[in-house]
Amino acid sequence: MVKEVGVAYHGNVYSDHARADFKEMQDHGCNSVLLAMSEYDYEQWRWQYFKLAKIAKEEFGFYVYINFWAWGRIFGGEAPSLFLNNNVEFRQIFSKTQKAFPAACFNSKAFQTYIRKAIKKVAQVKEITGFFWDEPHYAYSELNLLPTNLSPFYVCHCKGCQSLFSQQYGYNMPVEENSDVLEFKEQRLLEFLQNLCKIVKTEDSTKKNVICVMPTHASTGISNWDKVCFPEMDVLATDPYWIIYQKDLNWVREESNHLVRIAKKYQKEAQLWVLAFMIPKDREAEIKKVVEILNQAGADSIYAWLYRGCLQTMLKSDNPPLVWKNIGEAFRNLKVI
């Protein structure tokens, strides 16, 4: 049975508005909230984000998670990266053209130090239940917005990655992707994620680490979900956004069942996400069917991205109020333990 039901939330740092929004979430059947905090939010507003976490936890009894939203543009999200602005030399490099893509190379010590410092500060906030690592990936393309097939070329082919590759495999990192490159990329991404989770657990062992992997066909770095289930992570998640990937509801069921099977195999919790942005007109009712599928799959946690159907954002649905209404009706029908 579902333990957590929630939505992602960003774009507001004012306590009075947050209280009203949290109440609205509660009325829509939520007992949890994900605060999406970009690098800019962290630099300019982090104390206010911590205050919102306190309000959500103490006044509404919510589980509260922090999403390092689009940090380095290697995690999911549209927000820009201050790190990339200030450290252009540590961007990921496209092997075909040797051109920099808008994503940080997570093998660089500079980015690892940058995000480590932030994790340590956020982990000190006792009201925060855990950290959400959203769609960790290599750069998609020159815009780095949606997964793109770059084959036979790839990222990252920066000097740092080339050096690490040659040390491990004994030859120069090729321009075209081969099995060694695929193995190397997955290993490095998994090692990076595990180190982040270790930092969280070192600072506060009670805080959860949630890792949201992309649907299987859209993998951009992690093809084997079993490998994500290392000891320091607690919740395995995925987001089978059927409309975005132009799939049907049977695909949602397959991806959801696959995720839950792997999570249970390693005694991890399973979290599944329902699409609540860019919903076309007359398809809003599909939301209820998807939530039912996620529940039937055995999810411990069900979340929606984003609050109010992404109203007033670039990703808004055609009818955000109707999307939000359907989210509420679907969530209230869940039996939450």
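Top mean-square fluctuation among S223, S38, S205, Gaussian network model of the chain, C-alpha springs under 10 Å? Maximum among the listed residues: S205. Counting every other Cβ atom within 10 Å of each residue's Cβ, D27, D204 order from fewest to most as D27, D204. Compared with the dominant Cα axis of the chain, that is its longest principal axis, helix 179-203 is turned about 50°. Listed values for segment 38-49 are Karplus-derived 3J(HN,Hα) couplings in whole Hz (6.51 cos²θ - 1.76 cosθ + 1.60, θ = phi - 60°), namely 6, 4, 5, 4, 5, 5, 9, 10, 4, 5, 6, 4, and x replaces Gly and Pro.
In the elastic network of the chain, a GNM with C-alpha springs shorter than 10 Å, the most mobile of Y114, Y171, Y241 is Y171. Across segment 239-327, counting alpha-carbon atoms alone, Rg and Dmax equal 13.1, 40 Å. For the residues N12, N86, N250, a GNM of the chain with alpha-carbon springs under 10 Å puts the largest fluctuation on N86.
Computing FRET efficiency as 1/(1 + (r/R0)^6) for L143 and S15, where r is the C-beta to C-beta distance and R0 is 51 Å, gives about 0.90.
Which entries in the list K201/K289; K207/K335; K54/K198 go over 29 Å, if you measure between the two C-alpha atoms of each? Walk me through the numbers on the way to the answer.
Details: K201/K289 36 Å; K207/K335 25 Å; K54/K198 24 Å.
Those over the limit are K201/K289.
For N67, the residues whose amide H sits under 5 Å from its own are L35, A36, M37, F132, ignoring neighbours fewer than 5 places away on the same chain, with H placed 1.01 Å from N. Counting only residues at least eight positions apart within a chain, or on another chain, the aspartates and glutamates with an alpha carbon under 15 Å from that of K208 are E4, E127, D134, E232, D234, E269, D300. Treating r as the C-beta distance of N86 and E183 and R0 as 41 Å, the FRET efficiency rounds to 0.80. Seen against the Cα atoms of the chain and their longest principal axis, helix 159-169 is set at about 70 degrees. Using a Debye calculation, one point per C-alpha and no hydration shell, please list log10 I(q)/I(0) for segment 68-112 at q = 0.15, 0.26, 0.32 Å⁻¹ in order. Treating every Cα as an identical point scatterer, log10 I(q)/I(0) equals -0.33, -0.91, -1.19.
Read-outs throughout are calculated quantities, based only on the coordinates presented, and are distinct from any laboratory measurement. What you are looking at is a predicted structure, and each value in this text was computed from that prediction instead of being measured. Cβ atoms come from the backbone with ideal geometry, glycine included; neighbour counts cover every protein chain shown.
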